[in-house]
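The values are calculated or read from the model by the stated rules, or taken from the named source; none is laboratory data. Because the structure is predicted, anything quoted here is derived from the model rather than measured. Cβ placement follows ideal geometry from the backbone for every residue including glycine, while neighbour counts extend to all protein chains displayed.
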Amino acid sequence: MKPINNHSFFRSLCGLSCISRLSVEEQCTRDYHRIWDDWAREGTTTENRIQAVRLLKICLDTREPVLNLSLLKLRSLPPLPLHIRELNISNNELISLPENSPLLTELHVNGNNLNILPTLPSQLIKLNISFNRNLSCLPSLPPYLQSLSARFNSLETLPELPSTLTILRIEGNRLTVLPELPHRLQELFVSGNRLQELPEFPQRLKYLKVGENQLRRLSRLPQELLTLDVSNNLLTSLPENIITLPICTNVNISGNPLSTRVLQSLQRLTSSPDYHGPQIYFSMSDGQQNTLHRPLADAVTAWFPENKQS
């Protein structure tokens, strides 16, 4: 059987003005079943195509909007029902994807062997493409996307981010720069990349994890942050407003080459009975040794870059 990797045949068939809509739908169903059965017979012994076809037929016959074909060791996909809204094909052995159903709002393809993605459905809201080690670039992102998880791939750049995006998880890639961050973004996880600087932070940001990069400075922090992890970077100074973050905020600055002067001032400040700032985690061994103690009144100025001190 010649493989079919798009839905053009079914779109044209289901759009025909025949004797009745029912007869057209019946013909669509028969053709889907025939193609799926042929596809199942051509599978390798390691693929569980029979189970996949069983799930496909149930989805088509019941008009179920959610289709889960995960963990079936599939190396390819047949044409999928056009009506599905959520598709989970994670943890298979796919190297490419067919044209996706146009109504998809949620797509999970994490844990495969993809090296390229097709054009994504325009209505997509949630996309998980994590753990595809050969994936080095992304196509243009859908305009209404709200959540993007692309962890532990080989991404070197990102396309423009849609204004609707609220969650961005891209840990463990090869990124050296980020595009402008959408103003609605609330969660940014970019640990384990090669970033030397970050764009301006959106004011709605609540979770920021940028550990294991090459950052030398941080810009002013959003005041609604609940988690800040900048561990294991190259920071020598801290943003001025870090001590004004909420008391419930957890801050990890360990593993940075902060001077002993900064660390001692930080230790003295956070241990003061009058301190009501965030919970800050650091190690005194990160800095140099044998520097003089400074009065608490001078502690805050020691946090800032030299050119901001007076």
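Going through the range 249-292 one residue at a time, which ones are in a loop (DSSP other than H, G, I, E, B), modelled with pLDDT of 95 or more and of a type in the set (Val, Ile, Thr)?
The answer is THR249, ILE253.
I'd like the full set of residues that are closer than 20 Å to PHE189 by Cβ, of a type outside the set (Asp, Glu), part of a loop (DSSP other than H, G, I, E, B) and touching a Leu at 6+ places or on another chain (Cβ under 8 Å), limited to the range 143-161. Outline the logic, then answer.
The first filter runs over the range 143-161 and keeps only residues closer than 20 Å to PHE189 by Cβ, leaving 145-161.
Okay, now just the ones that are also of a type outside the set (Asp, Glu), so 145-155, 157-159, 161.
Now narrow it down to the ones that are part of a loop (DSSP other than H, G, I, E, B): 145-146, 150-155, 157-159, 161.
Scanning the range 143-161 gives LEU145, GLN146, ALA150, ASN153, SER154, LEU155, THR157, LEU158, PRO159, LEU161.
Against the definition (at pLDDT below 95 and part of a loop (DSSP other than H, G, I, E, B)), how does SER310 come out, yes or no? Outline the logic, then answer.
On the way: at pLDDT below 95: yes; part of a loop (DSSP other than H, G, I, E, B): yes.
Taking the combined requirement at face value, the residue satisfies it.
Picking from LEU178, LEU234, LEU198, LEU188, which residue would you name as being outside any loop (DSSP other than H, G, I, E, B), without any contact (Cβ under 8 Å) to a residue 24 or more places away in the chain and either among the hydrophobic types (A, V, I, L, M, F, W, C) or surrounded by fewer than 20 Cβ atoms within 10 Å (Cβ to Cβ) (or both)? Lay out the reasoning, then the answer.
Details: LEU178 fails: outside any loop (DSSP other than H, G, I, E, B); LEU234 fails: outside any loop (DSSP other than H, G, I, E, B); LEU198 fails: outside any loop (DSSP other than H, G, I, E, B).
Going through LEU178, LEU234, LEU198, LEU188 in turn, just one is outside any loop (DSSP other than H, G, I, E, B), without any contact (Cβ under 8 Å) to a residue 24 or more places away in the chain and either among the hydrophobic types (A, V, I, L, M, F, W, C) or surrounded by fewer than 20 Cβ atoms within 10 Å (Cβ to Cβ) (or both): LEU188.
Being farther than 29 Å from ARG75 by Cα and over 13 Å from the mean Cα position of the chain (by Cα) is the requirement here; does ARG133 meet it? Working first, answer last.
On the way: farther than 29 Å from ARG75 by Cα: no; over 13 Å from the mean Cα position of the chain (by Cα): yes.
No; evaluated as a whole, the condition is false for this residue.
Considering the range 54-69 alone, what residues qualify as being surrounded by 13 or more Cβ atoms within 10 Å (Cβ to Cβ) and either of a type outside the set (A, V, I, L, M, F, W, C) or touching a Pro at 6+ places or on another chain (Cβ under 8 Å) (or both)? Please lay out each step first, then the result.
Keep residues of the range 54-69 that are surrounded by 13 or more Cβ atoms within 10 Å (Cβ to Cβ), which gives 54-57, 59-60, 64-65, 67-69.
Within the range 54-69, ARG54, LEU56, LYS57, CYS59, LEU60, GLU64, PRO65, LEU67, ASN68 meet the criteria.
How many residues does the range 205-224 hold that are small (Gly, Ala, Ser) and either buried (at least 19 other Cβ atoms within 10 Å of the Cβ) or part of a strand (DSSP E or B) (or both)?
Of the residues in the range 205-224, the ones small (Gly, Ala, Ser) are 211, 219.
Within this subset, residues satisfying the condition of being either buried (at least 19 other Cβ atoms within 10 Å of the Cβ) or part of a strand (DSSP E or B) (or both) are 211.
Qualifying residue count, the range 205-224: 1.
Output the number of the condition that PHE10 fails; it satisfies all remaining conditions of (1) surrounded by 16 or more Cβ atoms within 10 Å (Cβ to Cβ); (2) under 30 Å from the mean Cα position of the chain (by Cα); (3) modelled with pLDDT under 95.
(2)
Taking the residues in the range 216-248 that are of a type in the set (S, T, N, Q) and at pLDDT 95 or above as candidates, determine which candidate is farthest from the chain's Cα centre (by Cα). Give the steps one after another, and end with the answer.
Quick first cut of the range 216-248, residues of a type in the set (S, T, N, Q) only: 219, 223, 227, 231-233, 236-237, 241, 244.
Those left that are additionally at pLDDT 95 or above: 223, 227, 231-233.
Values: GLN223: 23, THR227: 17, SER231: 20, ASN232: 21, ASN233: 21 Å.
In this case the residue turns out to be GLN223.
What are the pairs, 6+ residues apart or on separate chains, where a residue within the range 161-173 that is within 19 Å of CYS137 (Cα to Cα) has its Cβ under 6 Å from a residue that is part of a loop (DSSP other than H, G, I, E, B) and β-branched (Val, Ile, Thr)?
Between residues of the range 161-173 that are within 19 Å of CYS137 (Cα to Cα) and residues that are part of a loop (DSSP other than H, G, I, E, B) and β-branched (Val, Ile, Thr), the close pairs are ILE170/VAL190.
Using beta carbons and a limit of 6 Å, which pairs, at least six apart or on different chains, have the first residue in the range 56-73 and polar (S, T, N, Q) and the second one buried (at least 16 other Cβ atoms within 10 Å of the Cβ)?
Pairs that qualify, where the first residue is polar (S, T, N, Q) and the partner is buried (at least 16 other Cβ atoms within 10 Å of the Cβ), are ASN68/ASN88; SER70/ASN88; SER70/SER90; SER70/ASN91.
Does ILE84 satisfy being over 31 Å from the mean Cα position of the chain (by Cα) and within 22 Å of GLY111 (Cα to Cα)? Reasoning before the result, please.
Numbers: over 31 Å from the mean Cα position of the chain (by Cα): no; within 22 Å of GLY111 (Cα to Cα): yes.
For ILE84, the condition - over 31 Å from the mean Cα position of the chain (by Cα) and within 22 Å of GLY111 (Cα to Cα) - is not met.
Pairs please, first residue from the range 238-250 and farther than 19 Å from ARG217 by Cα, second anywhere and among the hydrophobic types (A, V, I, L, M, F, W, C), Cβ atoms under 6 Å, 6+ apart in sequence or on different chains.
THR249/LEU225; THR249/LEU226
Answer yes or no: is there a residue in the range 130-145 that is among the basic types (Lys, Arg), modelled with pLDDT of 95 or more and surrounded by 15 or more Cβ atoms within 10 Å (Cβ to Cβ).
So far as the range 130-145 goes, no, none of its residues is among the basic types (Lys, Arg), modelled with pLDDT of 95 or more and surrounded by 15 or more Cβ atoms within 10 Å (Cβ to Cβ).
Filter the range 121-141 down to residues that are assigned to a loop (DSSP other than H, G, I, E, B) and in contact with a strand residue (DSSP E or B) (Cβ under 8 Å, 6 or more places away or on another chain), then give me how many there are. Walk me through how you get there before you give the answer.
Taking the range 121-141 first, the residues assigned to a loop (DSSP other than H, G, I, E, B) are 121-125, 129-141.
Those still in the list that are in contact with a strand residue (DSSP E or B) (Cβ under 8 Å, 6 or more places away or on another chain) too: 121, 124-125, 129-130, 141.
Going through the range 121-141 one residue at a time, the tally reaches 6.
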